[in-house]
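Okay, structure first, notes after.
The values are calculated or read from the model by the stated rules, or taken from the named source; none is laboratory data. It should be emphasised that the depicted structure is a prediction, and the values quoted were computed from it without experimental measurement. Cβ placement follows ideal geometry from the backbone for every residue including glycine, while neighbour counts extend to all protein chains displayed.
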Amino acid sequence: MAVHRERVDPVRTPEGRLLVHRRWILPDDLSREIPLMRVSPLWRGLCELDFLNPADEVSLERLTLPPAPGAELGEVNEQELPAIASAGALLGGAGTATLVTQMVWLEQEERRDPYAQDGESDVGGWRDYTLYVVAHERFLLMPMVPDALVCAQCGRESTPLAGGPGEQGVWRFGEAALLDLSRRCPHCSAALDLGRDRARLRNGAVFLLEECCARAALSIEMPSAPEADELPDAVAARLLIEAFGGTDELTDDRVTAAQ
């Protein structure tokens with residue numbers, strides 16, 4: 001069955017955009033290595049334990065790193081393949097940024113909800129899972145795309161996605177962004193400092209780059225925010241700990257649904 005993303009129940013703006021709730025789960029230590037051989041079992045486990053639909057297809061997108069300055073999303077290699085096979089395909093992602101994604105319906109497909117409490121989902125409908133992994137030492141994933149980066153050296157802000165893709169060392173990838181660690185401040189030419197430079201997000205929150213970057217992350221999109229602040233499902237939590245070690249969870253509310 002082909003990958004589909006027809007949704008019901010999200011908020012629709014007057015412009016026709018669908019607004020949804022998205023949770024990002026990422027390793028809590030940026031210095032921790034996240035090898036592909038640990039990420040692949042996470043996706044396989046989500047398939048085998050009824051969070052994903054193993055009988056359906058998933059979409060896989062892969063971008064060879066470093067991308068050329070000005071590289072457009074059309075240069076991303078896209079394919080659809082069986083869900084279980086996609087777990088193995090993740091192992092071939094050295095030197096790339098890769099995402100795999102599938103949307104499931106909880107009731108119709110009898111899928112397990114990682115945010116259900118005591119077996120009950122307070123937000124029904126669908127779940128849209130996307131697993132990102134960046135397997136290149138010069139690049140990091142920014143799960144929540146920043147509106148601005150703030151240089152610790154000169155204190156000035158820059159708009160990282162202004163101009164063409166990658167002109168300021170940042171590329172859009174899926175619903176996230178890729179950060180080139182060789183990026184320099186466009187104002188003072190200072191080298192990137194993950195422990196001091198900051199990112200200002202769409203919602204106004206400001207984080208150190210080391211707090212909002214990752215080498216891998218799982219996003220879970222749903223119609224609205226669940227009551228649980230963290231994953232209540234012990235099975236899902238164990239899969240993530242086995243892949244990522246300790247985890248942090250970032251919340252992105254009323255964002256445009258993934259395409």
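Below is a table of values for the structure above.
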{"quantity": "Any chance V100 is in contact with a helix residue (DSSP H, G or I) (Cβ under 7 Å, 6 or more places away or on another chain) and part of a strand (DSSP E or B)", "calculated": "yes"}
{"quantity": "Pairs, first among the small types (G, A, S) and surrounded by fewer than 22 Cβ atoms within 10 Å (Cβ to Cβ) in region 28-49, second at pLDDT 95 or above and part of a helix (DSSP H, G or I), C-beta under 6 Å, six or more apart", "calculated": "G45/L239"}
{"quantity": "Residue within region 183-193 that is buried (at least 19 other Cβ atoms within 10 Å of the Cβ) and not in a loop (DSSP other than H, G, I, E, B) present", "calculated": "no"}
{"quantity": "Filtered residue count, region 116-158, keeping only those that are touching a Cys at 6+ places or on another chain (Cβ under 6 Å) and in a strand (DSSP E or B)", "calculated": "2"}
{"quantity": "Qualifying residue in region 73-80 (condition: part of a strand (DSSP E or B), over 19 Å from L239 (Cα atoms) and under 17 Å from the mean Cα position of the chain (by Cα))", "calculated": "yes"}
{"quantity": "Which listed residue, of D122, D113, is surrounded by fewer than 22 Cβ atoms within 10 Å (Cβ to Cβ) and either touching a residue at least 24 places away in the same chain (Cβ under 8 Å) or closer than 19 Å to L240 by Cβ (or both)", "calculated": "D122"}
{"quantity": "Residue among L140, L99, L131 that alone is within 23 Å of G204 (Cα to Cα) and under 14 Å from the mean Cα position of the chain (by Cα)", "calculated": "L140"}
{"quantity": "Checklist (1) at pLDDT 95 or above; (2) surrounded by fewer than 19 Cβ atoms within 10 Å (Cβ to Cβ); (3) hydrophobic (A, V, I, L, M, F, W, C) applied to L240, failing item", "calculated": "(2)"}
{"quantity": "Subset of region 147-179 (residues that are more than 19 Å from W24 (Cα to Cα), of a type in the set (D, E, K, R) and touching a strand residue (DSSP E or B) at 6+ places or on another chain (Cβ under 6 Å))", "calculated": "E157"}
{"quantity": "Some residue of region 200-223 being in contact with a strand residue (DSSP E or B) (Cβ under 9 Å, 6 or more places away or on another chain), without any contact (Cβ under 8 Å) to a residue 12 or more places away in the chain, part of a strand (DSSP E or B) and within 30 Å of S40 (Cβ to Cβ)", "calculated": "yes"}
{"quantity": "Test: residue in region 212-225 that is closer than 29 Å to L19 by Cβ and surrounded by fewer than 17 Cβ atoms within 10 Å (Cβ to Cβ)", "calculated": "yes"}
{"quantity": "Of all residues in region 125-141 being of a type in the set (F, W, Y) and modelled with pLDDT of 95 or more, the one that is surrounded by the most Cβ atoms within 10 Å (Cβ to Cβ)", "calculated": "Y132"}
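So that you can scan it fast, the table gives a plain yes or no per residue for (1) touching a His at 6+ places or on another chain (Cβ under 7 Å); (2) among the polar types (S, T, N, Q); (3) farther than 17 Å from T130 by Cα:
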{"residue": "C151", "(1), (2), (3)": "yes, no, yes"}
{"residue": "A162", "(1), (2), (3)": "no, no, yes"}
{"residue": "G169", "(1), (2), (3)": "no, no, yes"}
{"residue": "F173", "(1), (2), (3)": "no, no, no"}
{"residue": "L194", "(1), (2), (3)": "no, no, yes"}
{"residue": "V206", "(1), (2), (3)": "no, no, yes"}
{"residue": "E210", "(1), (2), (3)": "no, no, yes"}
{"residue": "A214", "(1), (2), (3)": "no, no, no"}
{"residue": "I220", "(1), (2), (3)": "no, no, no"}
